[in-house]
Structure formats: C-alpha cells, structure tokens
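*Asks:* Right, I'll just put the structure down here and ask away after.
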Amino acid sequence: MRDPRFITIRRGGTLTDSDHRLLALWAASCAEHVLELFESAHPGDPRPRQAIDHIRAWVRGEVTMMESRAAGGHAMGAARDKRGAARFAAYAAGQAGAVAHVAAHDLGAAAYAIKAVRAVAPPGEAGVAGRLECQWQRDQLPDEIRELVLDDQRLRSDICWSAFD
C-alpha cells in the first residue's frame, strides 16, 4: 500500500505539487552529491547526469514527467553492468529522475547515495561514512518536507538497507 502522503492530491493522495517539486529537488541534490563516483569511473556516460538534469527541468516545467522518468530509467540502465560506488551513484540518479513519476523514489535516491559513499569508504569506515552522508542529506531538507521525509525514513529504512538508521 502506497503512502498517500507521497501521492499527489489530484491522484487521491495528500501531496501538493509544491512539495512534490521539493522532494524532486532534494532527491536530485542527494544524487548529485555522489555523482562524481560514477563520472570519474565512466566519464563517457552522461546518463546519470542527464537524469538529474531532467528532474530539475521537470521541476521548472521544462520537460514532462515521462521525459524525466525515462531519463531516470536510462541512468538505471547505466548502473546495471557496473559495480560498487559507480553502480550505486547511477542508481541514485535514476531514482531521482523517477521522482517526477512517483514521489516516493526520493528515498531511493538518498539510500543509493548512502550506499555509494559506504562503498568507497576505507575498510572499517563505511558506517561512519554512511552516517555522515545521511546527515548531509538531512541538512539539505527544506523545512516544508523535513518531517515527511524523516518519518518516511523511519518507516521504510528496512527496505533501504537500513541506510537511515
């Protein structure tokens, strides 16, 4: 059962368009924060960056939901044959691009970004790196959606590899 707080009002939920846009921008920031982990390993593949650019363009009304979602899918395609941090960073970008379609993908962008940081941390420091990334992400949350996202992190952390615990 999907949380109605992440379904737009016009589709029967309680999410306003302005809060949907804020979730999209936050997801884009989370993904962009780790994007270098993909781009440094695969500089010729623009798909993850394009997904982030598309979700921001969707917020501005410059592309459709379908275009942003498709760009997100292409970023996830870029992740499929990769390993480690590059893979997780591309998935973060893909999840961010999909927020235009399903707002709850914001949590996927954040969780994959945390996984990316954990993957490049020195041995024994993955937990600390993940907690620092999670705190950075939380510091980026706009006040309007802060409690919504924090509550969602508490509720769905288990399906996100306990990234938010």
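*Asks:* On full extension of the chain, what length is gained from Trp136 through Trp161, given 0.36 nm per residue of separation minus the C-alpha to C-alpha distance?
*Replies:* 7.2 nm
*Asks:* While we're here: Under a crude label model (7 Å from the Cα following the beta-carbon direction), how far is Val102 from Arg10 in nanometres?
*Replies:* That separation, rounded to one decimal, is 2.0 nm.
*Asks:* Here's another thing I want to ask about it. Please list 18-25, 74-81 highest first by mean number of surrounding beta-carbon atoms within 10 Å per residue.
*Replies:* Values: 18-25: 21.1, 74-81: 19.0.
Result, highest mean first: 18-25, 74-81.
*Asks:* Which entry in (1) 12.2; (2) 9.6; (3) 9.0 matches mean projected area of the Cα convex hull in nm² derived from the coordinates of this structure?
*Replies:* (3)
*Asks:* Further question: May I ask you to list, by number, the DSSP H helices of the chain whose Cα span along the axis is at least 15 Å and whose average Kyte-Doolittle hydropathy reaches -0.5 or more? Can you show the working numbers first?
*Replies:* Numbers: long enough: 17-39 (31 Å, 0.21); 47-59 (18 Å, -0.72); 65-80 (23 Å, -0.19); 84-98 (21 Å, 0.45); 105-120 (23 Å, 0.67); 126-140 (21 Å, -0.94); 143-156 (20 Å, -1.03).
Helices meeting the criterion: 17-39, 65-80, 84-98, 105-120.
*Asks:* Just to verify a number: FRET efficiency for Ser18 and Arg154, C-beta to C-beta distance, R0 = 30 Å, to 0.05?
*Replies:* On the way: r = 23 Å, r/R0 = 0.78.
Efficiency for this residue pair is about 0.80.
Rule-based calculations on the coordinates, nothing more; no lab input. Note that this is a predicted model, so its numbers are computed, not measured. Glycine gets a Cβ as well: all are built from the backbone with ideal geometry, and neighbour counts include every protein chain shown.
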